Amino acid sequence: MLTTQPNSVFAVRMSDLRSTAMSADDKLVAGLIVLGIAAYAFPRQLDLDSTDVKIVEVAALDAFVRDAIEQVTALPGDEGTVDGQARVAAAVYERMPSFKPKDRQPGPARGCTQFAIAEVLGWLVERGAARVMPQMGPTSYQLTDRFRLLVADVAGGEALAALRAHRRTRQEAA
């Protein structure tokens, strides 16, 4: 597990994720990505009451998380807390390249954040929390009500609040 706190978004077992060859840093990044997806799709608490379709695209989510890194790394708390883990995960995320091409086929290779996002979204698809939306692009996903309800159940913490505030700021600027 990424944390011993059972309700934490970082409470992800290695066997829960699609890739079994994950380092501790990869697991932390996966937890941060789940928080990023939640903040990106539901920037306000009241958004969790809406059944509007939420679409997430890998590169757009990566840009959002990268843009919010400063807010997450500024969070207080020791590494034993969810916010402390988010801070460590954000530092790891920032060091990773956004995109690293595969040798012989299109798409991101292991070791970049877009690959990690695709892995997490694939994991959500396997659990019925997202659907692949190829008609909107090869890296687009629709979040399901199952994901919305999961976020409503576990939403909280300063890391999610910081990411949500950043998302609202970006929406207002657009």
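The values are calculated or read from the model by the stated rules, or taken from the named source; none is laboratory data. These numbers come from a predicted model, not from an experiment. Note that we place each Cβ from the backbone using ideal geometry, even for glycine, and neighbour counts take in every protein chain shown.
For GLU57, the criteria (1) modelled with pLDDT of 90 or more; (2) in contact with a Gly (Cβ under 8 Å, 6 or more places away or on another chain); (3) farther than 23 Å from PRO138 by Cα hold in every case but one, which is (3). Does VAL154 satisfy being on the phi < 0 side of the Ramachandran plot and modelled with pLDDT of 90 or more? When the stated conditions are applied, VAL154 does not pass them.
For the residues ALA173, ALA118, ALA165, the requirement of being free of Cβ contacts under 8 Å to residues at least 24 places away in the same chain, under 29 Å from LEU75 (Cα atoms) and either of a type in the set (A, V, I, L, M) or in contact with a strand residue (DSSP E or B) (Cβ under 9 Å, 6 or more places away or on another chain) (or both) singles out ALA173. For region 9-29, the count of residues that are more than 20 Å from ALA109 (Cβ to Cβ), part of a loop (DSSP other than H, G, I, E, B), at pLDDT 90 or above and not basic (Lys, Arg) is zero.
Restricting region 138-152 to residues that are of a type outside the set (S, T, N, Q) and touching a residue at least 40 places away in the same chain (Cβ under 8 Å) leaves a set whose member that is surrounded by the fewest Cβ atoms within 10 Å (Cβ to Cβ) is ASP145.
Taking the conditions exactly as written (under 20 Å from ALA41 (Cα atoms), in contact with a Pro (Cβ under 6 Å, 6 or more places away or on another chain) and buried (at least 16 other Cβ atoms within 10 Å of the Cβ)), does ARG66 satisfy them or not? Against the criterion (under 20 Å from ALA41 (Cα atoms), in contact with a Pro (Cβ under 6 Å, 6 or more places away or on another chain) and buried (at least 16 other Cβ atoms within 10 Å of the Cβ)), ARG66 does not qualify. Screening ALA91 on (1) farther than 17 Å from HIS166 by Cβ; (2) part of a helix (DSSP H, G or I); (3) of a type in the set (A, V, I, L, M, F, W, C) shows it passes everything except condition (1).
Among the candidates LEU61, LEU124, single out the residue that is surrounded by 19 or more Cβ atoms within 10 Å (Cβ to Cβ) and touching a strand residue (DSSP E or B) at 6+ places or on another chain (Cβ under 6 Å). Within the list LEU61, LEU124, the selection yields LEU124.
Take GLU79 and tell me if it is modelled with pLDDT under 95, in a helix (DSSP H, G or I) and over 17 Å from VAL34 (Cα atoms). So GLU79 fails the test.
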